[in-house]
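I have placed the structure first, in the form of structure tokens, so that the comments after it can refer back to it.
Nothing in this text is a laboratory measurement; each read-out follows from the coordinates by a stated rule. Computed from a predicted model, the values in this text were never measured in an experiment. Quick reminder, even Gly has a Cβ in these numbers, built from the backbone with ideal geometry, and neighbours come from all protein chains shown.
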Protein chains: 2
Amino acid sequence: MTTSSMLKPTDRSKVKRRPQKGHYDRELIHQILDEALVIHVGFIANNQPFVIPMGYGRDGDCLYIHGTSASRMLKSLEQGIDVCVTATLLDGLVIARSLFHYSMNYRSVVLFGRATLLEDEAEKTQALKVLSEHMVPGSWEQARRPTAQEVKATKVLVFPIEEGSAKVSTGDPKDDASDYELPIWAGQIPLKITPGVPIPDSKLADGIAIPENLLKYHRGG
Amino acid sequence: MTTSSMLKPTDRSKVKRRPQKGHYDRELIHQILDEALVIHVGFIANNQPFVIPMGYGRDGDCLYIHGTSASRMLKSLEQGIDVCVTATLLDGLVIARSLFHYSMNYRSVVLFGRATLLEDEAEKTQALKVLSEHMVPGSWEQARRPTAQEVKATKVLVFPIEEGSAKVSTGDPKDDASDYELPIWAGQIPLKITPGVPIPDSKLADGIAIPENLLKYHRGG
């Protein structure tokens, strides 16, 4: 089976507002998912919508989430209920001449589907590697890896990247023609998630240097 | 009627996983909402969960969202359907000695309730001021304000900050006792949304300086 480079838009995944900002190519969707650190997972329980922030990892067309086996949320999701997963990268504030045209530049992904529980220990371990490397590239080499018992105590769900879309907003403000004459500054304030100086654990033993992958930590290209 | 300084936990708003991280005091909830720029709004349409990122503003116990009158999402929300609103501030990566204890430090708010459409022009205008000032403090003074026609073309919904909770995770990793002997660096990588140098609009007229509020733009304390 060949995998198309595009996701097929469906009624629920098609971008309706400003369709020119909607994208369905896997490469872009993967890029956004690889840069973000948190997804917002939406699901229905007791007829109520819930939106919970979670870490995650991606491998190919699979998105992994994990947590303790006791998690009520994961227990709901593993039943195969409908889930909406959203990742948002805020790239900047768009400063227009008129407040009406103030906006934000962003890249977001909205996915629809159902999650499946991973049962196989080898598959779970591989997913935990993907989750670790997503958050901190190099961490699988650097830290103590999960024991069989830890893998067992962890619930891992896989969510397919099959149905969804990206939405991208970039560039200058779009002001009304008559407003371009106003003596008001307009443009963009770029925003980025930036790492600060690593803070050592208060119980860190002497003589342990900060590893390179943490010193050079960054998100995106 | 006096307003309690605490939100009353309900079955859907009570923090179950790690209840020690759950908070119900308004001041903390307001602080998190005032620092974040984007909320993830969850709702049900056609029996499916949807999670959409949106800008917003806060005034007292009211959260405002807005958009074009044509927005299908706002049309759904104004029907008074159940909504879950989540704001997440990612404060850092928690680097443990074992991957099992890797985690993130964050402050998040999850709110439940129903939105109401604002109809009164003065109330709408005031809400638009709150929305503008939330995104860019000082913008109401600096940019051209909305005309009556623009106010009319904008749909504004108000969402009550009545039922919900904050969840806060801070500090050092919590490793297994035996792992503290390992020669592995542990600690935190702080993360913050930081503004870059403002980029002028390509159509900006000569001689318009960047205003102070944009030069000094930052989120949080």
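Brief remarks follow.
- Here the Gaussian network model covers chain B, with springs between Cα atoms less than 10 Å apart; of B:H66, B:H101, B:H23, B:H101 fluctuates the most.
- Sequence-separation-based contact order of region A:100-221, relative, with Cα cut under 8 Å and 6+ spacing, percent: 36
- Inter-probe distance in nm under a simple model that places probes 7 Å from Cα toward Cβ, at A:E181 and A:L117: 6.9
- Loop-resident sites, region A:169-221, for trypsin sites (Lys or Arg not before Pro), counting at most 13 other Cβ within 10 Å (DSSP): A:K174, A:K203, A:K216
- Each principal axis of the Cα cloud of region A:54-132 was taken in turn, and the coordinate range along them, longest first, works out to 57, 25, 21 Å.
- Inter-copy separations for B:Q20, label at 7 Å along Cα-Cβ, nm, ascending: 5.4
- Using the Cβ-Cβ distance between B:R17 and B:I210 with R0 set to 45 Å, the FRET efficiency from 1/(1 + (r/R0)^6) comes to roughly 0.50.
- The modelled label-to-label distance for the pair B:D61/A:N47, using points 7 Å beyond Cα in the direction of Cβ, is 2.5 nm.
- Residue among B:E163, B:E181, B:E121 with the largest mean-square fluctuation in a Gaussian network model of chain B, springs linking Cα atoms under 10 Å: B:E181
- Think of region A:30-97 as a dipole: +1 on every Lys or Arg Cβ, -1 on every Asp or Glu Cβ, centred on the Cα centre; then among A:Q31, A:I44, A:G60, A:I44 lies furthest on the positive end.
- Most mobile of B:S139, B:S108, B:S202 in a GNM of chain B (Cα contacts under 10 Å): B:S202
- Overall, the ratio between the Cα radius of gyration of the protein assembly as shown and 2.2 N^0.38 Å, rounded to two decimals, is 1.00.
- Charge tally in the Cβ shell below 12 Å around B:I32, where Lys, Arg are +1 and Asp, Glu are -1, B:I32 excluded: 0
- Surrounding net charge for A:I193, when Lys and Arg each add one and Asp and Glu each subtract one, Cβ distance under 12 Å: +1
- The mean sequence separation of alpha-carbon pairs under 8 Å and at least six residues apart, normalised by the residue count of region B:19-215, gives a relative contact order of 27 percent.
- Violating pairs (Cα-Cα greater than 32 angstrom) within the set A:K14/A:K216; A:K21/B:K16; B:K75/B:K129; A:K167/A:K203; B:K16/B:K152: A:K14/A:K216; A:K21/B:K16; A:K167/A:K203; B:K16/B:K152
- Label zone (B:R72, point 7 Å along Cα-to-C-beta; backbone nitrogen cut-off 15 Å) within region A:1-33: A:9-23.
- Cα-only Debye scattering, region A:154-221: base-10 log of I(q)/I(0) at q = 0.15 Å⁻¹: -0.89
- Label distances, nm, A:P200 versus same residue in remaining copies, Cβ-directed 7 Å point: 4.7
- The spread of Cα positions in chain B, taken along each principal axis and listed from longest to shortest, comes to 67, 50, 39 Å.
- Value of relative contact order over region A:1-74, rounded to a whole percent, pairs C-alpha under 8 Å and six or more apart: 18
- Radius 11 Å from Cβ of B:E162, net charge of other residues (Lys, Arg +1; Asp, Glu -1): +1
- Copy-to-copy label distances for B:S169, where each label lies 7 Å from Cα along Cα-to-Cβ, are 2.9 nm in order of increasing length.
- Computed from point charges on the beta carbon alone (+1 for Lys and Arg, -1 for Asp and Glu), the dipole magnitude for region B:62-141 about its Cα centre is near 460 Debye.
- Cβ charges +1 (Lys, Arg) and -1 (Asp, Glu), total dipole of the protein assembly as shown, debye: 680
- Exposure proxy ranking, count of Cβ atoms within 10 Å, fewest first, for B:V197, B:V151: B:V197, B:V151
- The spacing between region B:171-218 and region A:63-85, judged by their C-alpha centroids, is 31 Å.
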